[in-house]
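Student: This is the structure I have questions about; it appears just below.
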Amino acid sequence: MGMTTEPADDSLDETAIIARDLIRMDTTNYGEGKSNGEVEAAEYLSAKLTAMGLEPEMFESAKGRVSVVARVEGADPAKPALVVHGHTDVVPAQPDNWSVDPFGGVIKDGLLWGRGAVDMKNMDAMIVTALQDILGSGRQPARDLVIAFFADEEAGGVYGAHYLVDRHPELFAGATEAISEVGGYSVTLGNQRSYLLQTGEKTLLWIKLVARGVAAHGSRYIQDNAVTKLAEAVAKIGRREWPIRLTETTTALLAEVARILGKDPEKVGPDELAIATGTAAGFIRATLRTTSNPTLLSAGYKHNVIPDTAEALIDIRTLPGEEDAVLAEVADLVGPDIEVVVVHRDVGLETSFDGPLIEAMIATLNEHDPGAPVLPYLLSGGTDNKALSKLGITGYGFAPLKLPAELDFPAMFHGVDERVPLDALVFGRRVLTDLLLNY
Ligand SMILES: [Zn+2]
C-alpha cells in the first residue's frame, strides 16, 4: 500500500457516494442485446426511493434488463407532471486505456472517476439526493414528478425507455415535459462560463453494411473479395463531409457564441465559430451537420482464408428530418453490391428555447451561478427523450454541472478516464432541488 488520497466517506457529499456506488456496479451495455444488465443498479435506486417513502416499481423487459419508476406527488395537482429520468447502463470501458479502474469508483484530486461518472450515474445520484433534500425536509416538489431510471439507453432504449413507453404508458400519465442528461452543464467561451441547455437531439440511424464475395484460399487471385469491397464502402462513408445546415437551435446558439466571443457571425463561418469555442467545439461541431462514423468491423477467421462476408457498423446521426435523404445517399455511396441494413433508427427532436420550464431552468442556473449566460443547443447524440416524445412529452437536457474551464468535458462522454468534479455534483444537487421545488 502506498499513500492514499481517497477521502473519508463522511467528508463526501451523499451525491458522490451514490454515484460512486453506482459506478462500482458494472452495468455495461455492449449493444446488440449483449449486456451485463441493470438489476443491481435498479435494486439500489429502488431502495433509495423506498427509503424516502416513495413506492417505486421495477419493470423487467428481458432477463436482467430492469428499469425503475416512481411517482412523487407535487404540491399542485393541477400542473402537468414532469418526468425526471436517468439511465443506469454504461458503455463498455477498456481498462488498459484508463489510468484508474473504470469500475472502481475512485475518488482523487477532487474528482470522481469511472465509467458513468458523467454518462450518467452522476445525474442518477443528483436526482436521488435532490429528492432526499425535498422529501426529507417535509417539502413537496411544485408538481407531480415521474422519476425514472431506465435500462438500455446506450443501445437505443429498446429494453428500457421504449419498452416502458410502449407497454406502460400509464406510468407517464399527465406528463408533458422531461429533463435528463447531456445539458445544463457549463462550458467556457473565451473567459465566460456559459451553460448549454439541450433543446433538441439529432436523429439516430445505426446501419450495418454487408459485403459478400467468394470464400477462397488466401493465396488465390480473387477480385470479388468481401473485405476489400467492405473497406471501400466504409472509407466512402467515413470520409463523407456532410454539408453544414443550421437549424433554429444552432442558429441561436452560434449567434450567442459570436456575441460572447466578440466575433462577427457575418464574417466568421459556423465551423470556425464552433472551433473558436475551444473544448466546447466537441459538443457543437457535430450539431452543424450530419455525421457518419464507422465504429465496428467484422470479417474473417484465419489469415489465409478469404471470408465470404464482411460487415461494418456505422453510427450515423443526421440533423432532424434528414434521415431518409441521408439513407438514400449512403446507398448511393456504397453502391448496389453492398447491402445496407438499418439496425436501429430513432427520431430527431427540436423544441424552441422559450416557455416556463426553460425560464425556470435559466432562472435557477442564474441564481446559482450569477452572470453566466444560458444557451440553447442541439445534442449530437440521443437520449431517452426520443422514446418519451412518442407520448408527446417534450424533453430537455438538464443535468446541471458547474465545471472548471480546463476539463475537456465533451471528451468525457464514452471517453477514457471519465470523471466529474465532486463540487460539480454538489452544485447539480442544489440546482436540481431548487428547480423541482419551484417549477
Ligand atoms: Zn447517457
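The values are calculated or read from the model by the stated rules, or taken from the named source; none is laboratory data. Since the structure is predicted, the reported quantities are computational estimates derived from the model, not experimental observations. Quick reminder, even Gly has a Cβ in these numbers, built from the backbone with ideal geometry, and neighbours come from all protein chains shown.
Student: Hey, can you tell me all the residues within the stretch 205-221 that are in a strand (DSSP E or B) and either without any contact (Cβ under 8 Å) to a residue 12 or more places away in the chain or crowded, with 21+ Cβ neighbours inside 10 Å (or both)? If you could, list the steps in order and put the result at the bottom.
Tutor: As a first pass, look at the stretch 205-221 and keep what is in a strand (DSSP E or B): 205-212, 216-217.
Of everything in the stretch 205-221, those that are in a strand (DSSP E or B) and either without any contact (Cβ under 8 Å) to a residue 12 or more places away in the chain or crowded, with 21+ Cβ neighbours inside 10 Å (or both) turn out to be LEU205, ILE207, LEU209, ALA211.
Student: So if I check each of GLY415, GLY395, which one is in a strand (DSSP E or B), out of contact with any Phe, Trp or Tyr (no Cβ under 9 Å at 6 or more places or on another chain) and away from the ligand (no atom under 12 Å from the Cβ)?
Tutor: Numbers: GLY415 fails: in a strand (DSSP E or B).
Only one candidate qualifies: GLY395.
Student: TYR439 fails exactly one of the following numbered conditions: (1) out of contact with any Gly (no Cβ under 7 Å at 6 or more places or on another chain); (2) within 14 Å of the ligand (Cβ to nearest atom); (3) of a type outside the set (A, V, I, L, M, F, W, C). What is the number of that condition?
Tutor: Looking at each condition in turn, TYR439 falls short on (2).
Student: Look at GLU272 and say whether it is farther than 29 Å from ASP332 by Cα, loosely packed, with under 14 Cβ neighbours inside 10 Å and of a type in the set (Asp, Glu).
Tutor: Working: farther than 29 Å from ASP332 by Cα: yes; loosely packed, with under 14 Cβ neighbours inside 10 Å: yes; of a type in the set (Asp, Glu): yes.
Yes: the conditions hold for GLU272.
Student: Return only the number of the condition from (1) closer than 30 Å to ALA148 by Cβ; (2) surrounded by 19 or more Cβ atoms within 10 Å (Cβ to Cβ); (3) of a type outside the set (Ser, Thr, Tyr) that GLY174 does not satisfy.
Tutor: Tallying (1) closer than 30 Å to ALA148 by Cβ; (2) surrounded by 19 or more Cβ atoms within 10 Å (Cβ to Cβ); (3) of a type outside the set (Ser, Thr, Tyr), GLY174 fails exactly one: (2).
Student: Please work out if LEU197 is under 25 Å from the mean Cα position of the chain (by Cα), within 26 Å of ASN122 (Cβ to Cβ), at pLDDT 95 or above and not in a strand (DSSP E or B).
Tutor: Numbers: under 25 Å from the mean Cα position of the chain (by Cα): yes; within 26 Å of ASN122 (Cβ to Cβ): yes; at pLDDT 95 or above: yes; not in a strand (DSSP E or B): no.
Taking the combined requirement at face value, the residue does not satisfy it.
Student: Can you find a residue that is more than 14 Å from the ligand (Cβ to nearest atom), in contact (Cβ under 8 Å) with a residue 60 or more places away in the chain, under 19 Å from the mean Cα position of the chain (by Cα) and under 26 Å from ILE18 (Cβ atoms) anywhere in the stretch 148-156? Lay out the reasoning, then the answer.
Tutor: Restricting attention to the stretch 148-156, the residues satisfying the condition of being more than 14 Å from the ligand (Cβ to nearest atom) are none.
The answer is no, given that none of the residues of the stretch 148-156 is more than 14 Å from the ligand (Cβ to nearest atom), in contact (Cβ under 8 Å) with a residue 60 or more places away in the chain, under 19 Å from the mean Cα position of the chain (by Cα) and under 26 Å from ILE18 (Cβ atoms).
Student: Can you go through ARG139, ARG143 and tell me which one is assigned to a loop (DSSP other than H, G, I, E, B), in contact with a helix residue (DSSP H, G or I) (Cβ under 7 Å, 6 or more places away or on another chain) and either of a type in the set (Lys, Arg) or away from the ligand (no atom under 11 Å from the Cβ) (or both)?
Tutor: Working: ARG143 fails: in contact with a helix residue (DSSP H, G or I) (Cβ under 7 Å, 6 or more places away or on another chain).
Selected residue: ARG139, the only one of ARG139, ARG143 that is assigned to a loop (DSSP other than H, G, I, E, B), in contact with a helix residue (DSSP H, G or I) (Cβ under 7 Å, 6 or more places away or on another chain) and either of a type in the set (Lys, Arg) or away from the ligand (no atom under 11 Å from the Cβ) (or both).
Student: Another question about this same structure. Among the residues of the stretch 104-121, is any more than 16 Å from the ligand (Cβ to nearest atom) and of a type in the set (Val, Ile, Thr)?
Tutor: Yes.
Quick grid of which residues meet (1) in a strand (DSSP E or B); (2) closer than 25 Å to ALA280 by Cα:
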{"residue": "HIS303", "(1), (2)": "no, no"}
{"residue": "PRO336", "(1), (2)": "no, no"}
{"residue": "GLU339", "(1), (2)": "yes, no"}
{"residue": "PHE353", "(1), (2)": "no, yes"}
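Student: Read through the list (1) within 20 Å of the chain's Cα centre (by Cα); (2) among the small types (Gly, Ala, Ser); (3) at pLDDT below 95; (4) away from the ligand (no atom under 16 Å from the Cβ), then give the number of the only condition that GLY382 fails.
Tutor: That leaves (4) as the condition not met.
Student: Looking at GLU232, GLU241, can you tell me which residue is under 22 Å from GLU323 (Cβ atoms), among the acidic types (Asp, Glu) and not in a strand (DSSP E or B)?
Tutor: On the way: GLU232 fails: under 22 Å from GLU323 (Cβ atoms).
Criteria check complete, one pass: GLU241.
Student: Out of GLY105, GLY86, GLY110, GLY74, report the one residue that is more than 24 Å from ARG167 (Cβ to Cβ), touching a residue at least 12 places away in the same chain (Cβ under 8 Å) and surrounded by 23 or more Cβ atoms within 10 Å (Cβ to Cβ).
Tutor: Values: GLY86 fails: more than 24 Å from ARG167 (Cβ to Cβ); GLY110 fails: surrounded by 23 or more Cβ atoms within 10 Å (Cβ to Cβ); GLY74 fails: surrounded by 23 or more Cβ atoms within 10 Å (Cβ to Cβ).
Checking each option against the conditions leaves just GLY105.
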